[in-house]
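I have placed the structure first, in the form of structure tokens, so that the comments after it can refer back to it.
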Amino acid sequence: MCEQTAPGQAVRGRKAAWPLERERQAKYTSLSAGRPAARTTRRWSVCLRESYSGMPPQPCPRICQAMQRNGPTCCRGVRGATTVESNTREDILRATRQLLALMIRQNGIDPADVASAIFTTTPDLDAEFPALAARQLGWLDVALLCTHEIAVPGSLPRCVRVLVHWNTSKPAHEIVHVYIRDAAALRPDLSKLPPVDWEELEAWIQQELAHAADRRRG
């Protein structure tokens, strides 16, 4: 695949294009407090490709060493939200870039370990796709999706939310979820959650299980 850099001039592959942008993007990749993020996911793909020969994949020393050093890897969700000053392309991209850069820096996220990311905006933001900000930061091979948030009456206006699916060895309690600007008020204390009638819920579950059992017998 070629990318046009000037009329009549093409550069093959993504890595050859935008060297200055690549250098800037590197600041928002893997460094968090001076420590690079785990690269276990990339090692898995390389090792499975190298070991495939019609036989079951063999244990890979690089994978074993990575798991001993970093622990088992699983997919974690990293949440973030921010607000935008106005419904313009520049404001949406600027606010989303700032949010992602802070999420990357505080968690040590490497784009090579990101499975996908979902961006939502409130219905009053439609001047640009916020996922474009991730492309600007170098997330060229990450699956991205944009959609609108549910318009709940009284909810925070001009808000961009993101959910990043990240392959990491960090436990869930070490993930840093980032809420900035007016979105800092979106995370209520857990003690303020609406109460649940657990007895009613358990009775409903038992009723549904009984109905399912009757259908199987019938």
- [ ] List every residue pair whose Cβ atoms lie under 6 Å apart, where the two residues are 6 or more positions apart in sequence or sit on different chains, the first residue falls within the range 131-159 and is surrounded by 12 or more Cβ atoms within 10 Å (Cβ to Cβ), and the second residue, located anywhere, is modelled with pLDDT under 95 and assigned to a loop (DSSP other than H, G, I, E, B).
- [x] Leu140/Arg14
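Which residue, of Arg89, Arg181, is out of contact with any helix residue (DSSP H, G or I) (no Cβ under 6 Å at 6 or more places or on another chain) and modelled with pLDDT under 95? Show your work before the answer.
Details: Arg89 fails: modelled with pLDDT under 95.
When all the criteria are applied, what remains is Arg181.
For the range 117-164, which residues satisfy the criterion of being assigned to a helix (DSSP H, G or I) and either basic (Lys, Arg) or more than 23 Å from Val176 (Cα to Cα) (or both)? First the steps, then the outcome.
As a first pass, look at the range 117-164 and keep what is assigned to a helix (DSSP H, G or I): 131-136.
Within the range 117-164, just Arg135 meets the criteria.
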Open item on the list: Any residue at all in the range 182-203 that's in contact (Cβ under 8 Å) with a residue 60 or more places away in the chain and aromatic (Phe, Trp, Tyr)?
Closed with: no
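The values are calculated or read from the model by the stated rules, or taken from the named source; none is laboratory data. What you see is a predicted model, and the numbers here were worked out from it, not measured in a lab. Every residue, glycine among them, receives a Cβ derived from its backbone with ideal geometry; neighbour counts consider all protein chains shown.
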